[in-house]
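The structure under discussion appears below in the form of structure tokens.
The values are calculated or read from the model by the stated rules, or taken from the named source; none is laboratory data. Since we're looking at a predicted model, the values are computed, not measured. Ideal geometry is used to build each Cβ from the backbone, glycine not excepted, and the neighbour counts take in all protein chains shown.
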Amino acid sequence: MIEIYHNPRCRKSREGLQFIKDRTDDFKVIEYLKTPLEKAQLKELLGKLDATPHEMIRTQEAVYKAEFKGKEFTDDEWIEIMVNNPKLINRPIVVKGNKAVWGVPAEALSALF
């Protein structure tokens, strides 16, 4: 089964979801703004993405620019920041088994099919 960490208000996240819908019915949508992720979940996603917490941050968000831009944080601090500010999580994240990819552009999801 494929899981997509999705924000329905995000155009790129909607494109990623459509890409998945066009290829399979075996998927689960996780609206992470409605059901925020816990630290352990974020760490697991980062491992599957083979990424650092800072790579997961959406630096164009107003909250990032107002509160975090130009400041140094440890990986654990970035994870805590994302737990408390899920809007900062780069999306969509699509997981299949032990592998995950960011779905921007949507064609990047081909790696999971």
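Results, tabulated for the structure shown:
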{"quantity": "Cβ pairs under 7 Å, 6+ apart, first in the stretch 91-113 and more than 15 Å from SER13 (Cα to Cα), second in a loop (DSSP other than H, G, I, E, B)", "calculated": "PHE113/ARG23"}
{"quantity": "Where LEU109 falls short, out of the listed (1) within 18 Å of GLU44 (Cβ to Cβ); (2) touching a strand residue (DSSP E or B) at 6+ places or on another chain (Cβ under 8 Å); (3) among the hydrophobic types (A, V, I, L, M, F, W, C)", "calculated": "(1)"}
{"quantity": "Selected residue (only one of ILE30, ILE4, ILE20 is surrounded by 15 or more Cβ atoms within 10 Å (Cβ to Cβ), assigned to a helix (DSSP H, G or I) and at pLDDT 95 or above)", "calculated": "ILE20"}
{"quantity": "Sole exception among (1) modelled with pLDDT of 95 or more; (2) assigned to a loop (DSSP other than H, G, I, E, B) for PRO36, by number", "calculated": "(1)"}
{"quantity": "Meets criteria (farther than 18 Å from SER110 by Cβ, in a loop (DSSP other than H, G, I, E, B) and modelled with pLDDT of 95 or more) for GLY70", "calculated": "yes"}
{"quantity": "Residue under evaluation ALA40, criteria (1) among the hydrophobic types (A, V, I, L, M, F, W, C); (2) touching a strand residue (DSSP E or B) at 6+ places or on another chain (Cβ under 6 Å); (3) exposed (fewer than 12 other Cβ atoms within 10 Å of the Cβ), criterion not met", "calculated": "(2)"}
